[in-house]
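See below for the structure under consideration.
The values are calculated or read from the model by the stated rules, or taken from the named source; none is laboratory data. Because the structure is predicted, anything quoted here is derived from the model rather than measured. Here Cβ is always computed from backbone atoms with ideal geometry, including for glycine, and neighbour counts include all displayed protein chains. With ligands, DNA and RNA removed, areas are computed over all heavy atoms of the protein, side chains included. Shrake-Rupley method; radii C 1.70, N 1.55, O 1.52, S 1.80 Å.
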Amino acid sequence: MGRVAPRFPNLPDATSPEEVNKALLRHFFPPKPLPIVPSILRPYRGCDPLLPGEITAALRKCSSSSVPGPDSIPYSVWKRVHLTAPRLLTDLVGPLLKLGYHPVSMKKANGIVLDKPGKPSYDSPASFRVIVLLPTVSQILERVVASGLSLTARTLKLVHSNQCGSLPTLSSFDAAISLVHSVRTLQRPGLKVSTLFLDIKGGFDNVNASTLCSSLKKAGVPHYMVSWIGSFLSQRTCRLLFQGSVKTFSPVQVGTPQGSPISPLLLVIYVASLHIQIPRGLSLSYVDDFALSAASASYRMNIRTLQRAFGRIRARASARDVGFSVPKTELIHWRTPLQRDPPASPAPPPICLDGQVFPPLPCVRWLGYWFTPNLASLAHFSKRLGLAQGAFATVKRLSPPGSGLSPHLAHRLAISLLLPTLLYGADLMVPSRGMLTKMDIYWRQVQR
């Protein structure tokens, strides 16, 4: 039996729920400069009237099973309301767009404090995470704005072409296949390729709202949209919920609220300038995950190129008050079947960043895909099979013989949970014949 973590944060400098609440707020929502919000609201020109079809499209993306925020109104209610009175929601949120304003009542959030499993101690706020739940009516409007901003961002080229996240028709598959394609293309003339994987530290929380709005305005984004974004990111409040919490709303200064439909798009616009040109290489990203690739005649030359690239991208990040989580950095040296070192050759070179040494890894996980230096699929599907087997053990505990879930529900659970877990990555990689046999044996066990 493993250690069961306490649900109540046991912080050394906080002896009461009020002090714990303040300590968690300081950790998760550090002070940030906020944009100036106009005190007098005037309607902006150029804002087209909101149509019921736009609300319908937004509601279609909302799950009725999602947990609502402080308003306690599930999406199923809004869908029924919109079906009955299609003009109600448009008349409710449409004027907010025209005024470029997001009301304070829609900027309240519930923050569910959960402990991170596997931590040696729980006496630090860093051992916890917060799941933010926003009002559903606010998220409907956020989806409408995100749809319009996405089209505007593509027209004005606010998002870098090598960014594969937070845009319609793009997914993690596009980022992964772009990485594989670039590696194989660079290897074709006989070059050696290396990739450095970076992760932006607290990406959503570190978006400077004033800088973001200034950049959007200079780029030509409609004024009503810029004003609404500035209003949306300011004067936010959050109520932290944990065992014994005070359950009061407190003002917080966040970059972009996690859980918001528009936050990922705002982040990729904000970090677009972090993409750099790499000679005989590529800078690729998926939201806040970056992959820098370099190619040359030797891995040692790649290391020097990647070190220079890291210095440049870090300088650009600092200019935007963004940093990288250096301890999470990973390095891989790609190899073709012909690129095999002699038995007595030295080990492939590591990379040194900020005084920390990162050796090349035999397997790297990026966006749910497990990559090996030779781009073989064995490691990836071995991991997926292990995850599927663990999930299957959990499902079996929910449906013991003679009780629990009915066979019909158990089958539906297997199709919706176990099969996607097992086959994730099959769009990019092809399992070997031996792995297909193991996967087939597992699925037969599931069906029994």
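Points worth noting:
To keep it simple, each residue is scored yes or no on (1) modelled with pLDDT of 95 or more; (2) touching a Ser or Thr at 6+ places or on another chain (Cβ under 8 Å).
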residue: VAL180; (1), (2): yes, no
residue: GLY203; (1), (2): no, no
residue: SER231; (1), (2): no, no
residue: GLY244; (1), (2): no, no
residue: LYS247; (1), (2): no, no
residue: PRO251; (1), (2): no, yes
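- The lone criterion from (1) among the hydroxyl-bearing types (Ser, Thr, Tyr); (2) open to solvent by less than 10 Å² (accessible area, probe 1.4 Å); (3) modelled with pLDDT under 95 left unmet by SER138 is number (3).
- Check on PRO362, assigned to a loop (DSSP other than H, G, I, E, B), at negative phi and surrounded by 13 or more Cβ atoms within 10 Å (Cβ to Cβ): no
Residue-wise test of (1) of a type outside the set (A, V, I, L, M); (2) farther than 28 Å from ALA14 by Cα.
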position	(1), (2)
ALA209	no, yes
LEU212	no, yes
LEU216	no, yes
ALA219	no, yes
MET225	no, yes
GLN235	yes, no
PHE242	yes, no
VAL246	no, no
PHE249	yes, no
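- Residue check, ALA175 hydrophobic (A, V, I, L, M, F, W, C), in contact (Cβ under 8 Å) with a residue 60 or more places away in the chain and either farther than 27 Å from ASP321 by Cα or surrounded by 20 or more Cβ atoms within 10 Å (Cβ to Cβ) (or both): yes
- Only residues that are in contact (Cβ under 8 Å) with a residue 24 or more places away in the chain, open to solvent by 60 Å² or more (accessible area, probe 1.4 Å) and in a helix (DSSP H, G or I) were counted in region 268-318, giving 4.
- Near pairs, Cβ below 7 angstrom, 6+ apart or cross-chain, from region 378-404 (basic (Lys, Arg)) to any residue that is surrounded by 15 or more Cβ atoms within 10 Å (Cβ to Cβ): LYS383/TRP370; ARG384/THR421; ARG384/LEU422; ARG384/TYR424; ARG384/GLY425
- Every condition in (1) over 18 Å from the mean Cα position of the chain (by Cα); (2) closer than 24 Å to GLN253 by Cβ holds for GLN187 except the one numbered (2).
- Looking across region 82-98, the residues that are surrounded by 17 or more Cβ atoms within 10 Å (Cβ to Cβ) and β-branched (Val, Ile, Thr) come down to THR90, VAL93.
- When residues of region 272-300 are limited to those that are touching a strand residue (DSSP E or B) at 6+ places or on another chain (Cβ under 7 Å) and of a type in the set (Val, Ile, Thr), the one farthest from SER214 (Cα to Cα): ILE278
- Qualifying residues in region 40-81 (those that are aliphatic (A, V, I, L, M), free of Cβ contacts under 8 Å to residues at least 60 places away in the same chain and not in a helix (DSSP H, G or I)) - the one surrounded by the fewest Cβ atoms within 10 Å (Cβ to Cβ): ILE40
- Any chance LEU418 is within 23 Å of VAL180 (Cβ to Cβ) and either surrounded by 11 or more Cβ atoms within 10 Å (Cβ to Cβ) or at pLDDT below 95 (or both): no
- For region 320-341, the set of residues classified as touching a helix residue (DSSP H, G or I) at 6+ places or on another chain (Cβ under 8 Å) and more than 30 Å from GLY190 (Cβ to Cβ) consists of ARG320, ASP321, VAL322, GLY323, PHE324, listed by residue number.
- Sole residue being among the β-branched types (Val, Ile, Thr) and more than 30 Å from LEU240 (Cβ to Cβ), chosen from VAL183, VAL130, VAL137: VAL183
- Qualifying residue in region 366-374 (condition: open to solvent by 70 Å² or more (accessible area, probe 1.4 Å) and part of a strand (DSSP E or B)): no
- Residue check for ALA379: closer than 18 Å to GLN445 by Cα and assigned to a helix (DSSP H, G or I): no
- Per the conditions (1) at pLDDT 95 or above; (2) open to solvent by 40 Å² or more (accessible area, probe 1.4 Å), the sole criterion not satisfied by ARG154 is (1).
- If the condition is being of a type outside the set (Val, Ile, Thr) and either open to solvent by 40 Å² or more (accessible area, probe 1.4 Å) or at pLDDT below 70 (or both), then region 8-22 contributes PHE8, PRO9, ASN10, PRO12, ASP13, PRO17, GLU18, GLU19, LYS22.
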